[in-house]
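In what follows, a structure is listed as structure tokens, so that the remarks can point back to it.
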Amino acid sequence: MSLAAIAIIGRQGNPIYIHDFDDTNLLFNLYRQKSTPSEADNDFFCDAFIEETAEQRAEWQCSIKNQFELFSAYERLVQILEGGWKGAGVGPDACWMGLVCSVGGFHAYGYVTTNVRYITLVEDIFAPEDAQLQKARENELKTLLSQLHVLYTDYLLNPFSIPNSKISSNRFSSGVLNIVNNFNERR
């Protein structure tokens, strides 16, 4: 199970932080695999890919495809929350939503706090009969998201940070990269 992308989204649906990670860490990496050069410019349905521009990539450190998948998962998370979802109450599982949906070859997991929602896209590499390994890896993901929440809280404690606005802190980004790299190395 490798983490492919993370989004932190505000309570009103505004993106605060979106980042995807080097897709060479992904085991299957189905989206990027091309069998012949002629297929390099087309998707599964032979539609031409629209390349993202440098301006789009500069705004968020995430591909357009992963942004779409993250926001699709966010919409599903909102549906679940509007349906009356209640957390575990207290303890380490209080904010953990678990699997929200499957989108684009990834599993999307959610973590909900009072002011922000965390969405992760994770490549699932476990067979259905490996439920124990899947559960152990989900526990590691739960820990990752709680660490990310602590990192975000520390960022907000900075008197110069602006709540509910795009995070452009190098310290925050390097902390996220460190947490994600540790998670991806343990697969």
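The values are calculated or read from the model by the stated rules, or taken from the named source; none is laboratory data. In this text the structure is predicted, and so the values were computed from the model without any measurement. No Cβ is skipped: glycine too gets one built from the backbone with ideal geometry, and neighbour counts run over all protein chains shown. Heads up: the accessible areas ignore ligands, DNA and RNA and are worked out on the full protein's heavy atoms, side chains in. Shrake-Rupley method; radii C 1.70, N 1.55, O 1.52, S 1.80 Å.
Quick notes on this structure:
- Stretch gain in nm, segment Arg186-Glu129, where the contour uses 0.36 nm per residue and the Cα spacing is subtracted: 18.5 nm
- Accessible surface, 1.4 Å probe, highest first, among residues Ile179, Ile119: Ile179, Ile119
- For the peptides 67-73, 140-146, 168-174, the ranking by packing is 67-73, 140-146, 168-174, with the highest mean count of neighbouring Cβ atoms within 10 Å listed first.
- Accessible area per residue was computed with a 1.4 Å probe on protein heavy atoms; Glu123 scores about 10 Å².
- Dipole of the stretch 85-187 [Lys/Arg +1, Asp/Glu -1 at C-beta], most positive-end residue of Tyr152, Gly175, Pro163: Pro163
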